[in-house]
Amino acid sequence: MSVELHLPDLPEVPISLGAAAQPPLDTPPAPRMPWSLRLREALSAYLPLLLMALLALATWWLVKNTPSAPRTPDQAVVRQDPDYTMTGFAVERFEATGRLKVRIEGEQMRHYPATDQIEIDRVHIRAIAPDGRVTLADARRALANGDASEIQLLGAAHVTTTDERGQKVQMAGEFLHAFLVTERVRSHLPVRVTSADGSVFEATGLEYDHGLRKLELRGPMRGTFAPRSSK
């Protein structure tokens, strides 16, 4: 059924009332989409999700299999055993001008990187001051820092130097701590000091400073003075 709707100032528009037009019953059904096309559409729909999953898997594999960065020097494990040894050695150190400062000899030397210390067996030391004065030292064993400016003499230790008058002074004990740069010797263990005239002093410790021309004996002390020469 069709009617006409009259609206003011508008053209007449025919309106049809009734059921929507139906396709003829003999119209063939739409053909089914080929499976390859359906698969392509499905892949295109799920491809972004699949790519994200593959990217996450690849990232996890890289993190798990990438080797760790090498340790920085401050993280490196410091060796507690010697990193090198020397047998029947002699080491000499010179100033920038070429002047010999110190010569160290020994049966065996071991360097410990953990403390940068040098351990020497049967050590013999010859140190030469800027004014040419020679200081000699020896012991059964010695511990020195890396530049050999500070040496601890252990076991039958001897240090021979000169006093302000140029006369020899010998210090002996089981422990002597020698500072070659500042020309000082100290000990907290019993020591024996022998002067050039043969006088002998025994004490429980000493502090010798060549720069100050000072020898200090500590603790109970006993001295034997050599007889004065008739001259």
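The values are calculated or read from the model by the stated rules, or taken from the named source; none is laboratory data. If you're wondering where the values come from, they're calculated on a predicted model, not measured in any experiment. Counting neighbours? That spans all protein chains shown, and the Cβs are built from the backbone with ideal geometry, glycine included. Only protein heavy atoms, including side chains, enter the accessible area calculation; ligands, DNA and RNA are left aside. Shrake-Rupley method; radii C 1.70, N 1.55, O 1.52, S 1.80 Å.
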Tabulated pairs, segment 132-154, first over 17 Å from residue 108 (Cα atoms), second at pLDDT 90 or above, C-beta under 6 angstrom, 6+ apart or interchain
136/126; 136/160; 150/179
For segment 153-161, check the following and say yes or no: at least one residue is open to solvent by less than 60 Å² (accessible area, probe 1.4 Å) and in a loop (DSSP other than H, G, I, E, B).
no
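Let's see how each residue does on (1) of a type in the set (S, T, N, Q); (2) under 26 Å from residue 113 (Cα atoms); (3) surrounded by 17 or more Cβ atoms within 10 Å (Cβ to Cβ):
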{"position": "143", "(1), (2), (3)": "no, yes, yes"}
{"position": "149", "(1), (2), (3)": "yes, yes, no"}
{"position": "168", "(1), (2), (3)": "no, no, no"}
{"position": "171", "(1), (2), (3)": "no, no, yes"}
{"position": "207", "(1), (2), (3)": "no, no, no"}
Give segment 86-108 a look and list any residue that's open to solvent by less than 40 Å² (accessible area, probe 1.4 Å) and closer than 17 Å to residue 178 by Cβ, or say none.
102, 104, 106
Just to be sure before I move on: is residue 110 modelled with pLDDT of 80 or more, in contact with a Lys or Arg (Cβ under 7 Å, 6 or more places away or on another chain) and either in a helix (DSSP H, G or I) or of a type in the set (Lys, Arg) (or both) in the structure I sent?
no
